[in-house]
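Down below is the structure, laid out as structure tokens.
The values are calculated or read from the model by the stated rules, or taken from the named source; none is laboratory data. Because the structure is predicted, anything quoted here is derived from the model rather than measured. All Cβ positions, even for glycine, are placed from backbone atoms using ideal geometry, and neighbour counts span all protein chains on display. Accessible surface is based on the protein model in full, side chains and every heavy atom, while ligands, DNA and RNA are left aside. Shrake-Rupley method; radii C 1.70, N 1.55, O 1.52, S 1.80 Å.
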Amino acid sequence: MFNNVIVRRPARSLVDGITSAPELGKPDYELALKQHDAYIEALKSCGVQVTVLEALEEYPDSCFVEDTAVLAKKCAIISNPGAETRRGESALMVDTIKKFYSDDQIEYIKSPGTMEGGDVMMVGDHFYIGLSARTNEEGCRQFKEALAKYGYTCSVVSLEEVLHLKTGVNYVENNNMLVSGEFIEKEDFKSFNKIIVPVEEAYGANCIWVNDTVIVPEGYPTVEKGIRDAGYKVIVTDTSEYRKLDGGLSCLSLRF
Ligand code: GLY
């Protein structure tokens, strides 16, 4: 059960965000704002309190708050983004996180360790962390060590094809997991009920579970059907402008 969500409004500089898919074009800022409004409404309708932070013009990717921290029940772990242009975003999240966690519950990933929250997937008291272009071995080691203090366990998953772990695999509770591409056959996930995402809908693997509702991106009918067939209530919301920056539904919030 999540009670709280933190989001950050997209900045006008969003158009200069990092992308691996320039062929999709630049995001339309006004449309991105409208999509962000709808995203916040979708979250609120799942019964969470949403803290909306102001845009940060100096950080084009700063609406993707998920990368700045991992917020668990017993602790918060502040990340150290692997992307140079994003490194300052985590420190700017600390004051907000301190409204929900005491100082002795907050841990920090430090250089040379790098870690981005998009590489972390929580499954109960176990966390999977993706070893990726953004999260390095030292980041994984520090993350695992920090979690152990609170009785959590962690395993490392090597990524071959995608930006972040949750670009391609997402846990939606009740032992159900959306899996795409390289994750479909991964040993690490063999015990889960898999909802297989076809290659042409790969972006749709990034759905979020919020209190028994699953929020699904618009335009991914196989994913939507798979989630409905698994018995969830579904909210569909459009994230086309964030997709242009490799950003999905999970990237846009911290849920805890
Ligand atoms: N554009 C989001 C990221 O690369 O982190």
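Selection of the stretch 109-136 for residues being more than 13 Å from the chain's Cα centre (by Cα) and either within 12 Å of the ligand (Cβ to nearest atom) or crowded, with 24+ Cβ neighbours inside 10 Å (or both) yields I109, T114, S132, A133, R134, T135. Going through (1) of a type outside the set (V, I, T); (2) under 30 Å from G231 (Cα atoms); (3) not in a strand (DSSP E or B) one by one, M121 falls short only on (3).
Restricting attention to the stretch 81-104, the residues being open to solvent by less than 70 Å² (accessible area, probe 1.4 Å) and not β-branched (V, I, T) number 10. Looking only at strands (runs of 3 or more DSSP E) that lie completely in the stretch 153-214, which have at least 3 residues being open to solvent by less than 10 Å² (accessible area, probe 1.4 Å)? The strands (runs of 3 or more DSSP E) meeting that bar are 176-180. The set of residues from the stretch 215-230 being open to solvent by 80 Å² or more (accessible area, probe 1.4 Å) and either basic (K, R) or touching a residue at least 40 places away in the same chain (Cβ under 8 Å) (or both) comprises K225, R228. Of the candidates P81, P27, the single residue that is of a type outside the set (G, A, S) and touching a residue at least 60 places away in the same chain (Cβ under 8 Å) is P27. Scanning the stretch 1-36 for residues that are part of a helix (DSSP H, G or I), in contact with an Asp or Glu (Cβ under 6 Å, 6 or more places away or on another chain) and closer than 28 Å to F256 by Cβ turns up S13, A32, Q35. Among the residues making up the stretch 41-66, those that are under 14 Å from V15 (Cβ atoms) and within 14 Å of the ligand (Cβ to nearest atom) are Y59, P60, D61, S62, C63.
Of all the criteria given as (1) at pLDDT below 95; (2) in contact with a strand residue (DSSP E or B) (Cβ under 6 Å, 6 or more places away or on another chain), the one not satisfied by D212 is (2). Among residues of the stretch 137-152 being open to solvent by 50 Å² or more (accessible area, probe 1.4 Å) and either outside any helix (DSSP H, G or I) or in contact with a Gly (Cβ under 8 Å, 6 or more places away or on another chain) (or both), the one that is nearest to N174 (Cα to Cα) is G151. Selection of the stretch 23-37 for residues being exposed (fewer than 14 other Cβ atoms within 10 Å of the Cβ) and not charged (D, E, K, R) yields G25, L31.
K44 satisfies every condition listed in (1) free of Cβ contacts under 8 Å to residues at least 12 places away in the same chain; (2) surrounded by 21 or more Cβ atoms within 10 Å (Cβ to Cβ) except (2). For the stretch 237-256, a tally of residues being more than 14 Å from V120 (Cα to Cα) and either charged (D, E, K, R) or out of contact with any strand residue (DSSP E or B) (no Cβ under 8 Å at 6 or more places or on another chain) (or both) returns 9. Exactly one residue out of A69, A38 is small (G, A, S), within 16 Å of the ligand (Cβ to nearest atom) and out of contact with any Lys or Arg (no Cβ under 6 Å at 6 or more places or on another chain): that is A69.
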